[in-house]
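Below is one structure; the comments refer to it alone.
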Amino acid sequence: MLETFTEARSTKLIEEPYQGDNESDEAESTTGSVPETWDIEVEVDREFENHSRHLPVPNSEQIKACPNCVGSCKSTCSFCDGAGSAMCWACEGEGSKQSDAKPEEGDEAQEIVCKECDGKGRKGCSPCSDSGEIKCSKCDAKGKLKTHVELIVIWKNNWDDYIVDYVGAVPEKVLRQLQGKIVLTEEKRKLSPLTNFANDDIVAASKELINAHHSDYPNERILKQRHQVKVVPISDVKYTYKGKHLNFYVYGKNRDNVYAPNYPQRYCCCSVM
């Protein structure tokens, strides 16, 4: 197994209504240069574990006028588009509508004044109290925003493995669940492929995995790599049942780990003595 522990960084602007006053504006806004994303020192909490951190970028705090209301604390009402009134839904802005009374034969339907809008065709806008403006939601009617740049650091443990199975019968997902015996562990910032391991297949797999990991994360920084070689014993047990030649597999340190896909009595138990 090869593990490559990487770090990725990104930033986003955080805005919130400013709760201070004019006298404290200068104190709230910081001065000095804002460091580059990768120049900020961030300590890794745990190696080879997926986790993340969010923290403010130094010297990025600012107090600025709200771009939504330009400091007025109010914004245009979206219900009436600033008109202070909206088209009457009952008469569709006509001010009148046909009477519900059924006309006499040959007569046209009678037009009556719309009671919903008193014949005006428009009704007052309740969300803005007919003013055409509402409290600015972006700055919570404060007129200013307090902003800072947030650094997002994501640590990820990327891993791949290669299974050399000389029996070729036990599913890989089963073998991956076993602890086995670790015969080699190496950990460095950047690993080199194995060259002196006794098994040629393992040497080739090490080269393939490490070369792939060195190029698979162009937008991330490789902090550390670790690879392990684990041995899981597998025994192929052959037996005869009712004249048929069958087999099953015992794997791992525990002799109770049995894989018997062709076991003749599927609803019974298999034990290894």
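The values are calculated or read from the model by the stated rules, or taken from the named source; none is laboratory data. As the structure is a computational prediction, the values presented were derived from the model and not from experiment. Note that each Cβ is placed from the backbone with ideal geometry, even for glycine, and that neighbours are counted across all protein chains shown. Surface areas here come from the heavy atoms of the whole protein model, side chains and all, with no ligands, DNA or RNA. Shrake-Rupley method; radii C 1.70, N 1.55, O 1.52, S 1.80 Å.
Please go through the residue pairs LYS12/LYS135; LYS102/LYS123; LYS64/LYS123; LYS12/LYS142; LYS135/LYS156; LYS120/LYS142 and name each one whose alpha carbons sit more than 32 Å apart in this structure. Intermediate results must be reported in sequence, preceding the final value.
Numbers: LYS12/LYS135 26 Å; LYS102/LYS123 27 Å; LYS64/LYS123 37 Å; LYS12/LYS142 22 Å; LYS135/LYS156 43 Å; LYS120/LYS142 36 Å.
Over 32 Å apart, Cα to Cα: LYS64/LYS123; LYS135/LYS156; LYS120/LYS142.
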The correct pair for the chain, radius of gyration to one decimal and Dmax as a whole number, both in Å and from Cα atoms, is 36.5, 106
Checking TRP89, TRP159, TRP38 against a Gaussian network model of the chain (alpha-carbon springs below 10 Å), the top fluctuating residue turns out to be TRP89
Expressed in square angstrom to the nearest 10, the accessible area of CYS117 with a 1.4 Å probe stands at 10
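What is the gain in length, in nm to one decimal, between VAL164 and LYS188 on full extension, counting 0.36 nm per residue of separation less the C-alpha to C-alpha distance? Before the final figure, lay out each step's value.
Numbers: separation 24, 0.36 × 24 = 8.64 nm, distance 2.41 nm.
Between VAL164 and LYS188, full extension yields an extra 6.2 nm.
Counting only protein chains, not ligands or nucleic acids, how are PHE5, PHE248, PHE79 ordered by accessible area (probe 1.4 Å), most first?
On the way: PHE5 0, PHE248 25, PHE79 145 Å².
Sorted by accessible area, descending: PHE79, PHE248, PHE5.
Rolling a 1.4 Å sphere over the protein heavy atoms, what is the accessible area per residue of the chain, to the nearest Å²?
Values: 18580 Å² over 273 residues.
Here the residues of the chain average 68 Å² of exposed surface.
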Given unit charges at Cβ for Lys, Arg (+) and Asp, Glu (-), the dipole magnitude of the stretch 98-227 about its Cα centre in debye, nearest 20, is 1380
In a Gaussian network model of the chain with springs linking alpha carbons closer than 10 Å, the residue among ALA101, ALA260, ALA205 that fluctuates most is ALA101
Ordering ARG189, ARG226 by the accessible surface of their heavy atoms, 1.4 Å probe, largest first, yields ARG189, ARG226
To the nearest 10 degrees, the tilt of helix 200-215 (Cα long axis) against the first principal axis of the alpha carbons of the chain is 20
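Of all accessible surface on the chain at a 1.4 Å probe, what whole percent is carbon and sulfur? Could the numbers behind the result be given before it?
On the way: 8430 of 18580 Å².
Heavy-atom surface of the chain belonging to carbon and sulfur, 1.4 Å probe: 45 percent.
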With all protein chains in place and a 1.4 Å probe, MET1 shows an accessible area in Å² (nearest 10) of 90
With all protein chains in place and a 1.4 Å probe, VAL250 shows an accessible area in Å² (nearest 10) of 20
Ordering GLU16, GLU61 by the accessible surface of their heavy atoms, 1.4 Å probe, largest first, yields GLU16, GLU61
